[in-house]
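Some notes on the structure that comes next.
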């Protein structure tokens, strides 16, 4: 059993690859909820939805968010009525937000709602929110503290980043099923998807029960570098690294995670970084990490599984 | 200035006719909110929306509810996700419900929200909810007490009606603007639209401030019969009258309203009822009341205005 820590697009694409090569009993996906927010009276969970839609095969591969075959009547009408339209919500997408918001208001935990939605969408692998209680990422910038979606979507990541705050993290409660998986003797590895280290992965690692698991873990943690050839494939990861004084490279990411990660999967484009990452005490796997289609996601998943087996044999060292 | 008490379709069609012949300063529309309800976490106001959409010219004339050029992606997706779809919500319609619900949650009064929506939709005549606080019509039936939309939409008016209850009516607060209009010396008449007497008009008449106005009114009240040729043009009015032991006819409606109404507008199809309605002490105007198109709505509006002038001359009797 592999547990994957995932943000949005990178996490979703890796989840798709792993779901194609591992049965539902062999992989589960823990998804960041720090970028969840309340908008138009709806609770929106962008990363959860990207993973959900991708595993269901109804995602929009062009945008990386939302659904394919989407229509925009509600948002067009909202514009006519003077409502907020900076966050793009398609009509089909809205249905999910309505249903989830209704269930959350009826006090169903987010993990239960996610499970129900996944079942309805025909997804058989477990998708678990990192927390059943709200965590909200706040971005500290040169324009002050911003709600994550304000920074990310409305201001298009333009403000200069100074740090992050995860409101609600100290009280974050992992779903019971996630607690069971973390404690399970069947758990072979945790894989950190190629997602933004600051706003996708850090919130997950800071959830108290997950933090405690990392502190005394007995299985390897493998990470796929979200930086390839000095750039993030999607999103502001590289920009954030530079603004925070880190080096926007596979090596910079490895330094950022330090001892949290045992084995690194980096792209062939960054092969020259491998010796220096190894010198930090990490195992390194060099392969193609750019998941530009399903076949490439599946290939990367296979490489990761091989890497897990390799590291598990030397398990005593973890 | 004429104040029109309106339910859904009949009220909306009469409002459209009056809005075409009277300037915004000369007519205002007071709309039933008893059939408002909470659904999918949204506050939906069917009668207000029918009047709003009709005056804005974006209504669907085929259905009598919802918008023209509507799309159904959200509801189709909701069906796939196992959500409730018995109440038909189009994508464009949803945008309005989202915006209104958001505003109501931010504690804006319904009258203010309605005014904002009307302005955005280019409606210049005042559309006033009968109450700024929630009133919810409950239908007492042979299957027990039902929420109005459960009875009306979900069960398609099949249960046998025994009575009605208007939850929240004792505390119902009319909008300040409606209070001002009722007290205005410019008010020349109140017109009761051809709407369901039990579930569209009765809630309005039972709002305490409106009830008090009727008790000591000094201007005539004119009603357009919602029953033509023994049948309701739309909805369950005739069925309800029969189930409650009343005669489903223009005369039956006149008897139902008794002294609440001073002058009756009935259809030519019911001309034979005129002497018996007159015998109840009412003035009677016989004309074409079936508003099958905008021109006919406008014609009826003209007849009503003439009737108001006629009755106002004999004002001393009210």
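Data for the structure
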read-out	value
Relative contact order %, region B:2-317, counting alpha carbon pairs below 8 Å whose residues are six or more apart	19
Where labels lie 7 Å past Cα in the beta-carbon direction, separation of residue A:209 and residue B:160 in nm	5.5
Label point at residue A:20 placed 7 Å out along Cα→Cβ; residues across region A:189-220 whose backbone nitrogen lies under 19 Å	A:193-195
Whole-Å distance, taken between Cα centres, linking region B:92-134 and region B:198-212	20
Taking the C-alpha atoms of the protein assembly as shown, convex hull volume expressed per residue in Å³	153
Rg over Rh [alpha-carbon atoms, Kirkwood Rh] for region B:57-114	1.03
Value in Å of the Kirkwood radius, where region A:1-152 supplies the Cα pairs that are averaged	16.0
C-alpha center-to-center spacing [region B:181-197, region A:286-300] in angstrom	70
Calculated label separations, residue A:143, copies of the chain, 7 Å along the beta-carbon direction, nm	5.4
Considering only region B:1-159, percent of DSSP beta bridges that pair antiparallel, nearest 5	45
Principal axis dimensions, largest first and in whole angstrom, of region B:210-289 by Cα	32, 25, 20
Relative contact order for region B:149-230, counting Cα pairs under 8 Å that sit 6 or more residues apart, in percent	36
Under the Debye formula (equal points on every Cα, no solvent term), log10 I(q)/I(0) of region B:133-240 at q = 0.19, 0.20, 0.21 Å⁻¹	-1.05, -1.11, -1.17
Inter-copy spacing of residue B:295 label points, which lie 7 Å from Cα along Cα→Cβ, given in nm from shortest upward	6.6
Using alpha-carbon coordinates, inclination of helix A:9-21 to the longest axis of chain A, degrees	60
Isotropically averaged projected area of region B:108-157, using the convex hull of Cα atoms (one quarter of hull area), nm²	4.8
Efficiency of FRET from Cβ geometry, residue B:268 and residue B:217, R₀ 22 Å, rounded to 0.05	0.15
Mean Cβ count within 10 Å, highest first, over the residues of peptides B:18-24, B:71-77, A:102-108	B:71-77, B:18-24, A:102-108
Ranked B:169, A:277, criterion: other C-beta atoms within 10 Å, fewest first	B:169, A:277
Region A:225-266: C-alpha gyration tensor shape, a/c 1.5 cut-off, then a/b vs b/c	oblate
Euclidean distance of C-alpha centroids, region B:4-48 and region A:228-280, integer Å	61
Candidates A:113, A:224, A:31, ranked by Gaussian network fluctuation over chain A, Cα under 10 Å, top entry	A:113
Per-copy distances of the residue A:280 label point, shortest first, in nm (7 angstrom along Cα→Cβ)	8.6
Three semi-axes of the equivalent ellipsoid, region A:92-193, Cα gyration tensor, whole Å, largest first	28, 20, 14
Nearest residue to the symmetry axis between A and B, taken on chain A by its Cβ, in whole Å	A:91, 2
Calculated FRET value between residue B:142 and residue A:112, using beta carbons and R₀ = 56 Å, to 0.05	0.90
Region B:5-88 - Rg and Dmax from Cα coordinates, angstrom	14.8, 48
Whole-number D in µm² s⁻¹ for region A:2-317, Kirkwood Cα-pair radius fed into Stokes-Einstein, 20 °C, 1.002 mPa s	109
0 to 90° range, to nearest 10: angle between helix A:294-313 axis and chain A longest Cα axis	40
Region B:223-263, relative contact order [Cα under 8 Å, separation at least 6], %	41
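Bear in mind these aren't lab numbers, they're just calculated from the coordinates by the rules spelled out. On a predicted model such as this, the values are computed, not experimentally measured, just so you know. Counting neighbours? That spans all protein chains shown, and the Cβs are built from the backbone with ideal geometry, glycine included.
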